[in-house]
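Before any comments, here is the structure.
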Amino acid sequence: MLTIRIIPCLDVDNGQVVKGTKFKELKYAGEPVELARQYYLEGADELTFLDIGASPREEVTVLDLVRKVAREIFIPLTVGGGIRSTEDIRKALKAGADKVAICTAALNNPELLSQGARQFGSQCIVLSIDAGFSGDTWYAFSHGGRKNTGKPAIEWALEGQALGAGEILLNSIDRDGTQDGYDLELLKEISSRVSIPVIASGGAGKLEHLADGITVGGADAILVASLLHYKQISIPEIKKYLEEKGVPVRC
């Protein structure tokens, strides 16, 4: 098993870090630059910055804020929200991002994944899948979890990989902010079918959930938000716990 990455996530709306439940009822959780610096110093392996209001508002990610965050950290930075074109990808990378996460725009125009991979390399392209359960399967949602596209999430993950995505950020809408644990069944379904790394997101509420996301769900990395923002746990504690469970982590 490769070393597992611990990735704090900053969900940003109107310049502030927020956190909600199932993509709703957003509450203030901190200042982006301050939290980015804190998590970097604590030993985060990467950082994800998602402008969660950009796609619903049809705006581009706030790049000035991305630049400020990028100046404070020296670990890989993934930026998402409102990325609609290869020019948007270029601007995000120029602002300091190492990767871009694409959700709604990829569903509307799947070729964006191929175009981005060709121009900037697959390692820069993260397919962000907001998955919600409906009927008897999970579907990919767009516009910040507001619209069910009718496309099965598992099929979309496979298609995204074939188009050139180098990584999948798998967000469980149903578990988001609940702290009930990752959707392990969804994680297993997708991680067992794709050959690119899968990042687990949505639902972590205690250390056991983080370990389960890796050992049961098959995730290659874990995204953490509420647990860190509200100081329920720290990154060093996460790494120590996982190491004790036999999960290889980065020092």
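The values are calculated or read from the model by the stated rules, or taken from the named source; none is laboratory data. Worth saying up front: this structure is predicted, and the values here are computed from it rather than measured. For neighbour counting, all protein chains shown are included, and Cβ atoms are generated from backbone atoms with ideal geometry for every residue, glycine included.
Of all the criteria given as (1) under 17 Å from the mean Cα position of the chain (by Cα); (2) surrounded by fewer than 20 Cβ atoms within 10 Å (Cβ to Cβ); (3) among the aliphatic types (A, V, I, L, M), the one not satisfied by residue 157 is (2). On the basis of being over 17 Å from residue 199 (Cα atoms), touching a residue at least 40 places away in the same chain (Cβ under 8 Å) and buried (at least 19 other Cβ atoms within 10 Å of the Cβ), does residue 126 make the cut? Spelling it out, it is not the case that residue 126 is over 17 Å from residue 199 (Cα atoms), touching a residue at least 40 places away in the same chain (Cβ under 8 Å) and buried (at least 19 other Cβ atoms within 10 Å of the Cβ). The number of residues in segment 197-231 that are exposed (fewer than 15 other Cβ atoms within 10 Å of the Cβ) and under 18 Å from residue 43 (Cα atoms) comes to 2. If you take the residues in segment 203-251 that are β-branched (Val, Ile, Thr) and in a helix (DSSP H, G or I), which one is farthest from residue 191 (Cα to Cα)? Of everything passing the filter in segment 203-251, 235 is farthest from residue 191 (Cα to Cα).
Pick out the one residue from 26, 65, 2 that is outside any helix (DSSP H, G or I), closer than 24 Å to residue 125 by Cα and either modelled with pLDDT under 95 or touching a Leu at 6+ places or on another chain (Cβ under 8 Å) (or both). Working first, answer last.
Values: 26 fails: closer than 24 Å to residue 125 by Cα; 65 fails: outside any helix (DSSP H, G or I).
Checking each option against the conditions leaves just 2.
If you go through segment 68-104, how many residues are part of a helix (DSSP H, G or I) and either crowded, with 24+ Cβ neighbours inside 10 Å or in contact (Cβ under 8 Å) with a residue 24 or more places away in the chain (or both)? So that I can check it myself, show each step before the final result.
Keep residues of segment 68-104 that are part of a helix (DSSP H, G or I), which gives 68-72, 86-94, 104.
Applying the additional criterion that residues be either crowded, with 24+ Cβ neighbours inside 10 Å or in contact (Cβ under 8 Å) with a residue 24 or more places away in the chain (or both) yields 68-72, 86, 88-93, 104.
Counting residues in segment 68-104 that are part of a helix (DSSP H, G or I) and either crowded, with 24+ Cβ neighbours inside 10 Å or in contact (Cβ under 8 Å) with a residue 24 or more places away in the chain (or both) gives 13.
Quick one: is residue 221 in contact with a Phe, Trp or Tyr (Cβ under 6 Å, 6 or more places away or on another chain) and touching a residue at least 12 places away in the same chain (Cβ under 8 Å)? So residue 221 fails the test.
Report yes if residue 241 is under 22 Å from residue 17 (Cα atoms) and not β-branched (Val, Ile, Thr), otherwise no. Break it down stepwise before answering.
Details: under 22 Å from residue 17 (Cα atoms): no; not β-branched (Val, Ile, Thr): yes.
Spelling it out, it is not the case that residue 241 is under 22 Å from residue 17 (Cα atoms) and not β-branched (Val, Ile, Thr).
Restricting attention to segment 66-87, the residues that are touching a strand residue (DSSP E or B) at 6+ places or on another chain (Cβ under 8 Å) and not hydroxyl-bearing (Ser, Thr, Tyr) add up to 12. Restricting attention to segment 126-171, the residues that are closer than 22 Å to residue 84 by Cα, polar (S, T, N, Q) and assigned to a strand (DSSP E or B) add up to 5.
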